[in-house]
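The values are calculated or read from the model by the stated rules, or taken from the named source; none is laboratory data. Quick caveat, the model's predicted, so the values are computed rather than measured. FYI the Cβ positions are ideal-geometry reconstructions off the backbone, even for glycines, and counts take in every protein chain you see. When the accessible area is computed, the model is the full protein with side chains, heavy atoms only, and any ligands, DNA or RNA have been set aside. Shrake-Rupley method; radii C 1.70, N 1.55, O 1.52, S 1.80 Å.
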Amino acid sequence: MRLTETADVWWKNAVVYCLDIETFFDTDGDGRGDIRGLSQRIDHLAELGVTCLWLMPFYPTPDRDDGYDITDFYGVDSRLGTHGHLVELITLAQDRGIRVIADLVVNHTSDQHPWFQSARASRESPYRDWYVWRDEPPADAAEGIVFPDQETSLWQYDEQAGQYYLHQFYKQQPDLDIANPQVREEIIRIIGFWLQLGLSGFRVDAVPFLLDTKGAQDAGALPDPHDYLRDLRAFLNRRNGHALLLGEVNLPYQDTRKFFGDEDGDELTMCFDFIGMQKLYLSLARSDPAELVKALNERPVPPEEAQWGTFVRNHDELTLDKLTEQEKQEVFDAFGPDQDMQLYGRGLRRRLPPMLGNDPARIKMVYSLLFSLPGTPVLFYGEEIGMGENLSVDGRNAVRTPMQWTSGVNGGFSAADPDNLFRPMVEGELSPEYVNVADQRRDPDSLFSWIKLLVQRYRESPELSWGTCTILATEAPSVFAHRSDCEGGTVIALHNFADEPAEVTIAVAGAAAGLRVADLLSGAVTEVGTDGTFRHRVEGYGCCWLRVLRPGDRYLV
Ligand code: NOJ
């Protein structure tokens, strides 16, 4: 077993859990979660088996983009707590073997940031060149708008400045100019600051936009932006050899691969697999894993110590931007046919369970896939209990409703008057009355118990995190079969994308005697024939993780 590597290169088999402090647990009754609340509930994460906590932005913010618009990169929003509370949280998490990372949002600042306030006020400001200005917007000003429902251009005229500034996202988020060496240095200083306070790395927001210097006036004179990413990584690991950069790069596979750096992986430690995620939904919509298989076959193998970050849902809309129009329509038809479930016509503002009609078997099958496919699984809070969305909440915030702890008032999230919650709870059949942590932790058949089991088996099976993955052909088109091998160990996983049971024949080896396979999830053991094959029935939306037992093996199953 690669024990040394698993400890040093901890992200290879981590379980990452993303949350927003303000929607997790409120201790002071103001209707908004706080850092102390998260500290009080840290054992929930420990019980689930989380090893890395990713904090969404907790910095001071006017909240035009749910905290992704920052006014002080060194601060903690006073509504959430203090630096002291944060250090306490990091210590509590570390005591439980949980590393803490946070969003690093340095493509842009808030327009309320003192740097921008100074920059717009005068051409002589030392911060003027920290942003990207033009007298006239370029001809392609409307190309590549991320929020087309809100914005019509990437360039905004500022009265005070007398010029246009670049904003890849909302107009309240002016882009910083990383072509400016002072900006590059400041970003490094920010990283150093938070590492010193105890963070183990960062989820880097909007990486391709951050590195894009197209707005800079003298582009020819600029260093290669990837050199800068390499510098960031080198600095990070000089300060803390165990820290990571988990990057948001939603590009075609070959372009994303570049962000891992050279073959030793000297840029991002991990990149999210946006393509695999989108193809998973297409496959689910078709009850046929073929598109997922195609994506996995096309997915570049990351450098040995790097890793893909795999996920089913995150805090943003379920983006479908890499599917064709027709494929996207198939996913809309299957999982979000109503207008108000869709966002900008390019994604869905929904969580998984309601998209799958709250079918427990199908939901469990999808999480089994998440934990058995190669890549480090990243969960979004509430997924472990099958929370839904609240479509009456605006935009992407529909999936960012408060955590559901109990069946009581406000789902046990806050003692505030329900009208004073800063964001409303989920209503209807997935409301706290029916979906909550307290009930599920005592129910062996709950989604929470299932995900706990998946986490435990995944952590015990280095084949899944370190192994070589091979996709197996089967005679049943609805069954996705893959095997992962690592240093003599083999796990074969089967997932049925359709609601009808299917039977498959799996070849474990050539002619062999005395082989068996044991299902790591149910414990069932099947004999392998002397020809090295076995037949297996997979229920509709069923799944299993079969460890191959060779004579003399001493695995604990
Ligand atoms: C990506 C984040 O995930 C999203 O929530 C945010 O709006 C943009 N970056 C801008 O920071």
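Points to keep in mind about this one:
- Of the residues making up the range 489-532, those that are of a type outside the set (A, V, I, L, M, F, W, C), open to solvent by 40 Å² or more (accessible area, probe 1.4 Å) and without any contact (Cβ under 8 Å) to a residue 40 or more places away in the chain are GLU503, THR505, GLY510, GLY514, ARG516, SER522, GLY523, GLU527, THR530, ASP531.
- Residues in the range 368-381 include none that are without any contact (Cβ under 8 Å) to a residue 40 or more places away in the chain and either crowded, with 20+ Cβ neighbours inside 10 Å or not assigned by the TED database to the domain that holds PHE147 (or both).
- Applying the criterion of being part of a loop (DSSP other than H, G, I, E, B) and β-branched (Val, Ile, Thr) to the residues of the range 382-410, the residue that is surrounded by the fewest Cβ atoms within 10 Å (Cβ to Cβ) is THR406.
- Residues considered: ALA161, ALA216, ALA234. Of these, the only one that is assigned by the TED database to the domain that holds TRP130 and of a type in the set (Gly, Ala, Ser) is ALA161.
- Looking only at the range 222-275, and only at residues there that are more than 16 Å from the ligand (Cβ to nearest atom) and among the hydroxyl-bearing types (Ser, Thr, Tyr), the one that is modelled with the lowest pLDDT: TYR228
- Residues satisfying the stated conditions in the range 294-321, i.e. open to solvent by 30 Å² or more (accessible area, probe 1.4 Å) and within 16 Å of the ligand (Cβ to nearest atom): ASP321
- Hits in the range 419-444 - residues which are touching a residue at least 60 places away in the same chain (Cβ under 8 Å) and open to solvent by 80 Å² or more (accessible area, probe 1.4 Å): ASN420, GLU429, ARG441
- Residue match in the range 322-343 (condition: touching a residue at least 24 places away in the same chain (Cβ under 8 Å), assigned by the TED database to the domain that holds VAL393, buried (at least 22 other Cβ atoms within 10 Å of the Cβ) and not in a helix (DSSP H, G or I)): no
- Test set (1) assigned to a loop (DSSP other than H, G, I, E, B); (2) open to solvent by 10 Å² or more (accessible area, probe 1.4 Å) - TYR164 fails condition number: (1)
- The range 106-117: number of residues that are more than 16 Å from the ligand (Cβ to nearest atom) and open to solvent by less than 40 Å² (accessible area, probe 1.4 Å): 1
- Considering the range 167-182, and only residues there that are open to solvent by 20 Å² or more (accessible area, probe 1.4 Å) and in contact with a strand residue (DSSP E or B) (Cβ under 8 Å, 6 or more places away or on another chain), the residue that is nearest to the ligand (Cβ to nearest atom) turns out to be PHE169.
Per-residue answers, yes or no, for (1) over 23 Å from GLY75 (Cβ atoms); (2) free of Cβ contacts under 8 Å to residues at least 40 places away in the same chain:
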| residue | (1), (2) |
| --- | --- |
| VAL105 | no, no |
| SER122 | yes, yes |
| ASP129 | yes, no |
| GLU136 | yes, yes |
| TRP155 | yes, yes |
| GLN160 | yes, no |
| ILE178 | no, no |
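- Test: residue in the range 285-293 that is small (Gly, Ala, Ser) and open to solvent by less than 10 Å² (accessible area, probe 1.4 Å): no
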